[in-house]
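Chemist: Quick one: the structure is below, questions incoming.
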Amino acid sequence: MPTLGIELCDAAFQAATCTNQETKPLAIADHDGVVDWPGFAYFDGQKFTYGRSAENQWFVHPRRVAHTFWSRLTHEPSTLGPAGKPAPFSQLAFHFFQEFVQQITAAGPAEKIMLAVPGAYLKDPATEEERIGLLLGMAGELKLPLAGIVDMACAALCDPRGPGFNPALPIVVVDVHLEGSDLTFLTAEEHLERSDFIHLPQSGLAHLLKHLTGTMGNRFLRHTAFDILEDGRIEQTFFRQTKEFLVSGAPEHRFQINTATRAYEMIAKREQLAADSQAFVNTLVQGVQTFLRNSEHSGEPCTIALMDRAARLPGLDSRLRASGFHRILRLAPGAAGCGAARIGESRLKPAPDLADVPVETAVPVALAKRTAAASWEVRIQKQRSHGTPRPSPTHVILEGLGHALGSGRCTIGVAGIGADVTLPDTFSAAEDCAIPLVHESGRLWLVDSTLPRVAGSAPGARTLLESGDRLTIQCGTATADVLFAHCATANTSRAHD
């Protein structure tokens, strides 16, 4: 039986399976045959409906629709339900989840299930205890063979379909949900590990889609003299077309509204959609800049990984590049579900007691989809020691020039990645050549978080570097020697700073 990974994103729940290391996303249709599971609930006065059918009532009966129950997963009452007895947010989430799981398992049972959850669920101990507790309760009620819960950004980088990332550089995963956006900072040494997180509450797809429906509706009014606000059902039809235009990535879209007397049409361009989204995108990019500026890793070059729903935002990629972010990856749809399924199959078993289900914000780096090995390698030449420990290096010498080593993390690599020590231009073909060095406990370490390119070390191993040691870096016919040296004067001057 396969391992099932479920991506709990209220913009669109998704699922994937992994069998014998082969991972594939699943197309889960609802009761109406639609493969779309946005986190909406609708109460018609007698019964609840969920997902796409509930979203279809958003502009028709806005007061009978809720779309915040996943972002506010608590026992607090929602606004939906019989008079005087509104359903708690947790109840709406449970019945939504129940329908989704039933549609998945209709094709056959899973051996074990992994949940990829939003980073906001794990932002602090109190929030984690409440929201993860509620998820465990749902799993128990539905008798699911739950094997683990993993941070969504961390899981997405383990999707084997992904483009791969350079593990020598930190990664910021940008994700967009209905009620806000998540920014997750990860590093990849021995583990792919989340080290920082922030939630931007005013940057959600629900807000953007309402805004785009209004701006496109005003443009439609000027073009056709027809006001989509005349009827909630017409506005709902226009919203559906606006959303399809946004997520399709198409260069243009023909808006069509048919009435009993005539048909109205307008062709909209992607550039217009980008212009209408500009304020939203600018706020998101400013959030990324502020997040990195306030991080303890401020100033380090990083890779930006966009979840598919974020990558579809018109103008986001170009705006990030204009702001100085040149390494941008686009993750595949359902990346977190696929990654979670792979993590579960590789190393976890269903927990006999739900209290023992692991909740992870770090996974072994071997599970991450890193860039494939390029034609470069590093060899360490250790200086022979006569029993006396040699001092920790303060400088590296490359092509006769000395470069001071800072006190934190530094990188030797090719131009364009923001390396502290830049290799000669002859290494330009090795685009992912980056060799991370880390100071820890007063010593300098070479971290081989890449594949085994460092001769004699295993992936994820650390090698102590001392003065007199030498790295030989080779790419094709290009070779460079990096000598590690200790300058007592430099060390003393730093001590007096």
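Chemist: Looking only at residues that are part of a loop (DSSP other than H, G, I, E, B), touching a strand residue (DSSP E or B) at 6+ places or on another chain (Cβ under 8 Å) and open to solvent by 50 Å² or more (accessible area, probe 1.4 Å) in segment 58-76, which one is nearest to D159 (Cα to Cα)? Reasoning before the result, please.
Modeler: Taking segment 58-76 as the starting set, the residues that turn out to be part of a loop (DSSP other than H, G, I, E, B) are 58-61, 67-76.
From what is left, the residues that are touching a strand residue (DSSP E or B) at 6+ places or on another chain (Cβ under 8 Å) are 58, 61, 67, 69, 74-76.
Okay, now just the ones that are also open to solvent by 50 Å² or more (accessible area, probe 1.4 Å), so 61, 75-76.
Working: H61: 39, H75: 33, E76: 35 Å.
Checking each candidate, the answer is H75.
Chemist: Here's a follow-up. For residues in segment 333-367 being among the small types (G, A, S) and assigned to a loop (DSSP other than H, G, I, E, B), which is most open to solvent (accessible area, probe 1.4 Å)? Can you show your working first?
Modeler: Within segment 333-367, the subset among the small types (G, A, S) is 334-337, 339-341, 344, 346, 351, 355, 362, 366.
Now restrict to residues that are assigned to a loop (DSSP other than H, G, I, E, B): 334, 351.
Details: G334: 8, A351: 24 Å².
Checked segment 333-367; the qualifying residue most open to solvent (accessible area, probe 1.4 Å) is A351.
Chemist: Which of the numbered conditions does K349 fail, given that it passes all the others? Conditions: (1) modelled with pLDDT of 95 or more; (2) under 21 Å from A116 (Cα atoms); (3) of a type outside the set (V, I, T).
Modeler: (1)
Chemist: Something else: Is it the case that G164 is in contact (Cβ under 8 Å) with a residue 60 or more places away in the chain, in contact with a His (Cβ under 9 Å, 6 or more places away or on another chain) and surrounded by fewer than 20 Cβ atoms within 10 Å (Cβ to Cβ)? It would help to see each step written out before you state the result.
Modeler: Numbers: in contact (Cβ under 8 Å) with a residue 60 or more places away in the chain: yes; in contact with a His (Cβ under 9 Å, 6 or more places away or on another chain): no; surrounded by fewer than 20 Cβ atoms within 10 Å (Cβ to Cβ): yes.
Considered against the rule, which asks whether it is in contact (Cβ under 8 Å) with a residue 60 or more places away in the chain, in contact with a His (Cβ under 9 Å, 6 or more places away or on another chain) and surrounded by fewer than 20 Cβ atoms within 10 Å (Cβ to Cβ), G164 comes out as no.
Chemist: Determine the pairs where a residue that is farther than 30 Å from C158 by Cα, located within segment 24-47, has a partner that is part of a strand (DSSP E or B) and open to solvent by 50 Å² or more (accessible area, probe 1.4 Å) with Cβ atoms under 7 Å apart, the partner being 6 or more residues away or on another chain.
Modeler: Pairs that qualify, where the first residue is farther than 30 Å from C158 by Cα and the partner is part of a strand (DSSP E or B) and open to solvent by 50 Å² or more (accessible area, probe 1.4 Å), are A41/F48; Y42/F48.
Chemist: Spot the failing condition for I198; the list is (1) closer than 27 Å to W70 by Cβ; (2) without any contact (Cβ under 8 Å) to a residue 40 or more places away in the chain; (3) not in a helix (DSSP H, G or I), and only one is missed.
Modeler: (2)
Chemist: Separate question: Looking only at segment 318-332, filter to residues that are more than 11 Å from the chain's Cα centre (by Cα) and open to solvent by less than 60 Å² (accessible area, probe 1.4 Å); which one of those is nearest to I28 (Cα to Cα)? Working first, answer last.
Modeler: Within segment 318-332, the subset more than 11 Å from the chain's Cα centre (by Cα) is 318-328.
From what's left, open to solvent by less than 60 Å² (accessible area, probe 1.4 Å): 320, 323-325, 328.
Numbers: L320: 33, S323: 38, G324: 39, F325: 35, I328: 29 Å.
Out of the qualifying residues, it is I328.
Chemist: Going residue by residue through segment 7-14, is there one that turns out to be of a type outside the set (D, E), open to solvent by 40 Å² or more (accessible area, probe 1.4 Å), modelled with pLDDT of 95 or more and more than 22 Å from T127 (Cβ to Cβ)? Can you show your working first?
Modeler: If we filter segment 7-14 for residues that are of a type outside the set (D, E), which is where we start, we get 8-9, 11-14.
Subsequent filtering for residues that are open to solvent by 40 Å² or more (accessible area, probe 1.4 Å) retains 14.
Cutting the leftovers down to modelled with pLDDT of 95 or more gives us 14.
Keeping just the survivors that are more than 22 Å from T127 (Cβ to Cβ) gives 14.
Yes, segment 7-14 contains a residue that is of a type outside the set (D, E), open to solvent by 40 Å² or more (accessible area, probe 1.4 Å), modelled with pLDDT of 95 or more and more than 22 Å from T127 (Cβ to Cβ).
Chemist: Can I ask one more? Anything in segment 190-223 that is open to solvent by less than 60 Å² (accessible area, probe 1.4 Å), more than 18 Å from A155 (Cα to Cα) and of a type outside the set (A, V, I, L, M, F, W, C)? List them, or say none.
Modeler: S203, G204, T213, G214, T215, G217, R219
Chemist: Could you tell me which of the residues G287, G249 is surrounded by fewer than 20 Cβ atoms within 10 Å (Cβ to Cβ), closer than 25 Å to P163 by Cβ and modelled with pLDDT of 95 or more?
Modeler: Numbers: G249 fails: modelled with pLDDT of 95 or more.
G287 is the lone residue from the list that is surrounded by fewer than 20 Cβ atoms within 10 Å (Cβ to Cβ), closer than 25 Å to P163 by Cβ and modelled with pLDDT of 95 or more.
Chemist: If I ask for residues that are in a helix (DSSP H, G or I), free of Cβ contacts under 8 Å to residues at least 40 places away in the same chain and under 19 Å from the mean Cα position of the chain (by Cα), which ones from segment 121-156 would you list?
Modeler: none
Chemist: Continuing with the same structure: For segment 434-463, which residues satisfy the criterion of being surrounded by 20 or more Cβ atoms within 10 Å (Cβ to Cβ) and either part of a strand (DSSP E or B) or modelled with pLDDT of 80 or more (or both)?
Modeler: Going residue by residue through segment 434-463, those that are surrounded by 20 or more Cβ atoms within 10 Å (Cβ to Cβ) are 434-437, 444, 446-450, 454.
Within segment 434-463, A434, I435, P436, L437, L444, L446, V447, V454 qualify.
Chemist: Go through T242, T187 for me and flag whichever is closer than 21 Å to C154 by Cα and crowded, with 20+ Cβ neighbours inside 10 Å.
Modeler: Numbers: T242 fails: closer than 21 Å to C154 by Cα.
None of the other options fit; the residue is T187.
Chemist: Looking at segment 90-107, can you tell me whether even one residue there is out of contact with any Leu (no Cβ under 6 Å at 6 or more places or on another chain), crowded, with 19+ Cβ neighbours inside 10 Å and closer than 30 Å to V414 by Cα?
Modeler: no
Chemist: So, one more: For segment 77-89, which residues satisfy the criterion of being surrounded by fewer than 22 Cβ atoms within 10 Å (Cβ to Cβ) and not in a loop (DSSP other than H, G, I, E, B)?
Modeler: So the first thing to find is which residues in segment 77-89 are surrounded by fewer than 22 Cβ atoms within 10 Å (Cβ to Cβ), and the list is 77-88.
Of everything in segment 77-89, those that are surrounded by fewer than 22 Cβ atoms within 10 Å (Cβ to Cβ) and not in a loop (DSSP other than H, G, I, E, B) turn out to be P77, P88.
The values are calculated or read from the model by the stated rules, or taken from the named source; none is laboratory data. Just so it is clear, the structure is predicted and the values come from calculations on it, not from any experiment. Positions of Cβ are generated from backbone atoms using ideal geometry, with glycine treated the same way; all protein chains shown enter the neighbour counts. What goes into the accessible areas is simple: the full protein's heavy atoms, side chains included, and nothing from ligands, DNA or RNA. Shrake-Rupley method; radii C 1.70, N 1.55, O 1.52, S 1.80 Å.
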